[in-house]
Amino acid sequence: MTQFNSASQFSENNFIKSKPEMLNNFYGTTDVFPYWVADMDFSVAKPISNELSRLVERGVYSYEFNESAVFKAISHWFSTRHNVSLSKQHFVQVPGVLSGIALLLRQLTNEGDAVLIHTPAYHQFENLIAKADRKVVKNELVIVDDKYQIDFDIFEAQIQQENVKAMIFCNPHNPTGRVWTQTELEKVVEIAARHQVMIISDEIHSDIIFSGHQFTSLTGFDYDNIVTMIGSPAKTFGMHSISNGYIYTNNDALLADIKKLIGALYLDHGNALTTFATIAAYEKGAEWVDGMLDYLQQTVTWIGEFTAQHIPQLKVFQPEGTYQIWFDFSALGFNDSQLKEVVFQQAKMGLTPGSWFGSQSPQYMRMNIATSRDNIIASFELLKTAIDGFDADQCGSDSCSTNSCCTSSASNGCC
């Protein structure tokens, strides 16, 4: 556990999560622990570091591509870990997940077309759709028995009323942490097929699944109009700034069109460092991933137990997957300004406000837990102290209401 309980030293690096100008813009202070970006503070698996060292130490950077080996490694990983059968001939490599989705929106829909997302949703989905001059349609998830679910009647009605042509479907779901069940996915595909809606399935958190839950990929469904962002060495192995994205579809005609577009733009090959680090990750990183998942599971358990005992009014949506936890602070009774004062200024927790994700209430926030549990314990103890000792009279308008916390475009697609 030592490797996961040692967090990065932000002051020694140029990580976007800890840039002073961004923290000041979002929180009105730099004195917060940055829980707002969905990356890891953990050192990557040794096989990845060893492979990167090998490439750097040889000192030669001639052209070197091996996408076939990358696709083979990913296919084998999904076969052994998720019982998902993938053909290495059906992958397309792109520079990143967001650029891949942006390209797919332009390839698979037309300007003015309606594209649906399930909100609360990762905020860059809305940005990608809007910047492609498509219409954003928001299908609000509903909370049933303390769990976010799709209201399928409203979902289908919106598809019909808005003439939806495509949807970006997040599985597992960011920020709520839902891992959609086989039954739920069958219903999504059934409705999409009935109305010929293209599904762009974002499955980059597919390896971050907690005990009692099972990831199911849409690649296994018998529906031609599915294109998947399959897996992610960024999310699974902590390779956030050195990873590519991978598009996958079983539809040969779609595959040919996508390959033609990506190839015409010369975006279908990566650099040698990313290529061989990715192969090493998928071929030799399983033990590290298992340790990371165990560590995260213990962190989720600790947060649930601590909040139940010491901050029972704080609603914690237990994540089924991803290393994000979604909170509802509304039962604590703070107004929006007071909540910012308590969380950002006093508890020094740089959480992501729910307004980023289309949430109707800024009382919701997301927390990235892929960091040292020592940091998390310290933060929640500060939060308890801040809540217990809060004096509303000390919360002046200057410190509480002027922090323009987090415009969705400011994060530059990193979280």
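The values are calculated or read from the model by the stated rules, or taken from the named source; none is laboratory data. As the structure is a prediction and not an experimental result, all values here were calculated from the model. With ideal geometry, Cβ positions are generated from the backbone for all residues, glycine too; neighbour counts draw on all protein chains shown. Heavy atoms of the whole protein, side chains included, go into the accessibility calculation; ligands, DNA and RNA do not. Shrake-Rupley method; radii C 1.70, N 1.55, O 1.52, S 1.80 Å.
Points worth noting:
- If you go through segment 212-259 and pick out every residue that is open to solvent by 30 Å² or more (accessible area, probe 1.4 Å), in contact with a strand residue (DSSP E or B) (Cβ under 9 Å, 6 or more places away or on another chain) and closer than 27 Å to Asp294 by Cβ, you end up with 1.
- Which listed residue is open to solvent by less than 50 Å² (accessible area, probe 1.4 Å) and either part of a helix (DSSP H, G or I) or within 19 Å of Phe215 (Cβ to Cβ) (or both), from Ile117, Ile129, Ile154: Ile129
- Residue list for segment 220-256, restricted to those being within 22 Å of His195 (Cα to Cα) and of a type in the set (D, E, K, R): Asp222, Asp224, Asp252
- When Asp290 is tested against the conditions (1) closer than 27 Å to Asn171 by Cβ; (2) modelled with pLDDT of 95 or more; (3) open to solvent by less than 10 Å² (accessible area, probe 1.4 Å), the lone failure is (3).
- Test: residue in segment 384-392 that is polar (S, T, N, Q), closer than 20 Å to Val37 by Cβ and either modelled with pLDDT of 90 or more or outside any loop (DSSP other than H, G, I, E, B) (or both): no
- Unmet criterion (only one of (1) within 24 Å of Gly285 (Cβ to Cβ); (2) of a type outside the set (A, V, I, L, M, F, W, C); (3) without any contact (Cβ under 8 Å) to a residue 12 or more places away in the chain; (4) not in a helix (DSSP H, G or I)) for Ser62: (1)
- Candidate set: segment 96-114, residues that are assigned to a loop (DSSP other than H, G, I, E, B) and open to solvent by 20 Å² or more (accessible area, probe 1.4 Å); chosen: the one nearest to Ala256 (Cα to Cα): Asn110
- Selection over segment 336-362 of residues that are modelled with pLDDT under 95 and in a loop (DSSP other than H, G, I, E, B) gives a count of 5.
- Candidates Asp207, Asp146, filtered to the one that is open to solvent by less than 10 Å² (accessible area, probe 1.4 Å) and among the acidic types (Asp, Glu): Asp207
- Some residue of segment 265-281 being part of a helix (DSSP H, G or I), aliphatic (A, V, I, L, M), free of Cβ contacts under 8 Å to residues at least 40 places away in the same chain and surrounded by fewer than 22 Cβ atoms within 10 Å (Cβ to Cβ): no
- For segment 30-48, the set of residues classified as open to solvent by 30 Å² or more (accessible area, probe 1.4 Å), in contact (Cβ under 8 Å) with a residue 24 or more places away in the chain and either under 14 Å from Leu296 (Cα atoms) or in contact with a helix residue (DSSP H, G or I) (Cβ under 7 Å, 6 or more places away or on another chain) (or both) consists of Phe33, Val44, Pro47, listed by residue number.
- Pair list, Cβ < 9 Å and 6+ apart or interchain, from segment 15-28 residues that are among the β-branched types (Val, Ile, Thr) to residues that are surrounded by 20 or more Cβ atoms within 10 Å (Cβ to Cβ) and assigned to a helix (DSSP H, G or I): Ile16/Met22
- Residue list for segment 166-183, filter: small (Gly, Ala, Ser) and closer than 19 Å to Met198 by Cβ: Ala166
- Selection status of Ile376, open to solvent by less than 10 Å² (accessible area, probe 1.4 Å), within 18 Å of Leu296 (Cα to Cα) and part of a helix (DSSP H, G or I): yes
- Hey, Ala7 buried (at least 20 other Cβ atoms within 10 Å of the Cβ) and either assigned to a loop (DSSP other than H, G, I, E, B) or at pLDDT 95 or above (or both) or not: no
- In segment 321-367, residue farthest from the chain's Cα centre (by Cα) [restricted to those that are of a type in the set (Ser, Thr, Tyr) and open to solvent by less than 10 Å² (accessible area, probe 1.4 Å)]: Thr352
- Qualifying residue in segment 205-215 (condition: among the aromatic types (Phe, Trp, Tyr), within 21 Å of the chain's Cα centre (by Cα) and at pLDDT 95 or above): yes
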